[in-house]
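Accompanying notes for the structure given below.
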Amino acid sequence: MKLQQLRYIWEVAHHDLNVSATAQSLYTSQPGISKQIRLLEDELGVEIFSRSGKHLTRITPAGEAILKTAGEILRKVESIKQVAQEFSNERKGSLSIATTHTQARYALPRVIEGFIDQYPEVSLHMHQGTPMQISEMAADGTVDFAIATEALELFSDLVMMPCYRWNRCIVVPKNHPLASLSELSLEEVAKHPIVTYVFGFTGRSKLDEAFINRGLAPKVVFTAADADVIKTYVRLGLGIGIIAHMAFDETLDSDLVALDASHLFASSVTKIGFRRGTFIRGFMYDFIQQFAPHLTRDVVDQAYACHSRAELEELFAGIPLPSY
């Protein structure tokens with residue numbers, strides 16, 4: 001059994017069983033990958049992939065178990081490389097982050113600008129997706145960090161640390177009836193068609209809970225993952241927009257009005273998470289603290305040492321979170 005064979009089966013599984021696409025991504029030949037997979041299967045005495053002719057059709061039950069262990073081995077190998085790099089050149093390496101559009105567009109630019117200035121030899125890679133996709137990428141080692149508000153708690157093998165609290169605003173055209181109200185209420189909001197985030201994005205669950213708890217059934221006419229898209233459709237008159245307050249720019253959005261909705265909805269907490277077992281390099285500690293100043297190296301190490309979610313919650317119970 002060779003490490004290369006484990007990498008091949010792992011990559012094939014993560015390229016939708018497309019051997020050709022896998023070969024392109026690894027800069028090798030398709031026949032070479034197929035041959036090595038066959039050799040590994042022959043050695044193990046089981047099929048990792050089911051086939052229809054020359055095409056892989058699905059992962060077998062044995063293959064699922066083998067791939068899980070192969071992933072753990074490959075992550076350990078990557079950790080060994082990270083340890084070696086930290087001692088050979090602590091300011092050089094790579095850092096991959098998975099996050100949502102809102103974080104990438106509004107919360108991270110200043111942090112990333114400062115980080116790249118401090119660590120010019122660290123290549124930074126950003127992946128965008130749904131909170132579930134983001135969490136999965138961190139859990140399977142595709143990325144180093146996941147930054148999101150939703151879904152991280154669904155993965156028990158992620159160490160999650162709270163970064164900041166945030167709330168929502170309602171965006172409307174300047175002449176909209178809601179803009180003239182002295183006090184905004186959920187009942188008034190529910191009278192209008194709503195344009196907001198896709199369920200599971202950017203604290204959408206808090207929004208839904210608020211209406212349900214008041215016995216209201218708002219008319220959500222359009223959803224999107226991108227706050228800029230939501231504002232575009234508000235401008236078209238499709239409805240009122242409910243977005244993260246950080247996503248409203250007074251200069252760029254001067255044709256709209258942002259109405260504070262923090263009294264209508266419970267605040268949400270954005271968290272940063274990494275897979276348990278990850279080797280945290282020096283520049284990774286620095287990135288975390290630049291994004292969330294209260295997450296010092298000592299606090300991150302304490303979080304890493306926690307064995308349960310209850311311990312993590314107890315650790316952060318006494319740490320006040322900034323508001324964005």
Kindly indicate whether Ile147 is touching a residue at least 24 places away in the same chain (Cβ under 8 Å), crowded, with 17+ Cβ neighbours inside 10 Å and out of contact with any helix residue (DSSP H, G or I) (no Cβ under 6 Å at 6 or more places or on another chain). no
Say we look at segment 273-301 and pick out the residues that are surrounded by fewer than 16 Cβ atoms within 10 Å (Cβ to Cβ) and in contact with an Asp or Glu (Cβ under 9 Å, 6 or more places away or on another chain); which of these is modelled with the lowest pLDDT? Gly277
Take Ile230 and decide whether it is open to solvent by less than 10 Å² (accessible area, probe 1.4 Å) and assigned to a strand (DSSP E or B). no
If you take the residues in segment 47-88 that are open to solvent by 60 Å² or more (accessible area, probe 1.4 Å) and assigned to a loop (DSSP other than H, G, I, E, B), which one is farthest from Tyr285 (Cα to Cα)? Gly53
Determine if segment 194-215 includes at least one residue that is under 20 Å from Lys174 (Cα atoms) and surrounded by fewer than 18 Cβ atoms within 10 Å (Cβ to Cβ). no
Examine segment 95-108 for a residue that is in contact (Cβ under 8 Å) with a residue 12 or more places away in the chain, more than 30 Å from Ile230 (Cβ to Cβ) and surrounded by fewer than 19 Cβ atoms within 10 Å (Cβ to Cβ), and state whether such a residue exists. no
Restricting to segment 1-32, and then to whatever is of a type in the set (Gly, Ala, Ser) and assigned to a helix (DSSP H, G or I), can you tell me which residue is farthest from the chain's Cα centre (by Cα)? Gly32
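In segment 207-229, how many residues are without any contact (Cβ under 8 Å) to a residue 12 or more places away in the chain and among the acidic types (Asp, Glu)?
1
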All but one of (1) under 19 Å from Glu72 (Cβ atoms); (2) in contact (Cβ under 8 Å) with a residue 40 or more places away in the chain hold for Leu17; state the number of the condition that does not hold. (1)
Examine segment 30-38 for a residue that is closer than 14 Å to Leu67 by Cβ and open to solvent by less than 30 Å² (accessible area, probe 1.4 Å), and state whether such a residue exists. yes
Quick one: how many residues across segment 112-123 are surrounded by fewer than 15 Cβ atoms within 10 Å (Cβ to Cβ) and either closer than 21 Å to Ala146 by Cβ or of a type in the set (D, E, K, R) (or both)? 6
State all residues of segment 105-156 that are of a type outside the set (A, V, I, L, M), farther than 16 Å from Phe283 by Cα and at pLDDT 90 or above; if no residue qualifies, say none. Arg105, Tyr106, Pro109, Arg110, His127, Gln128
Go over the candidates Lys68, Lys54 one by one and state the one that is within 15 Å of Thr142 (Cα to Cα) and free of Cβ contacts under 8 Å to residues at least 24 places away in the same chain. Lys68
Could you list, in sequence order, the residues of segment 240-255 that are part of a helix (DSSP H, G or I) and surrounded by 23 or more Cβ atoms within 10 Å (Cβ to Cβ)? Ala247
Mind listing whichever residues of segment 302-324 are assigned to a loop (DSSP other than H, G, I, E, B), open to solvent by 20 Å² or more (accessible area, probe 1.4 Å) and touching a helix residue (DSSP H, G or I) at 6+ places or on another chain (Cβ under 9 Å)? Ile319, Tyr324
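The values are calculated or read from the model by the stated rules, or taken from the named source; none is laboratory data. This structure is a prediction, so every number in the text was calculated from the model and none was measured. Every residue, glycine among them, receives a Cβ derived from its backbone with ideal geometry; neighbour counts consider all protein chains shown. When the accessible area is computed, the model is the full protein with side chains, heavy atoms only, and any ligands, DNA or RNA have been set aside. Shrake-Rupley method; radii C 1.70, N 1.55, O 1.52, S 1.80 Å.
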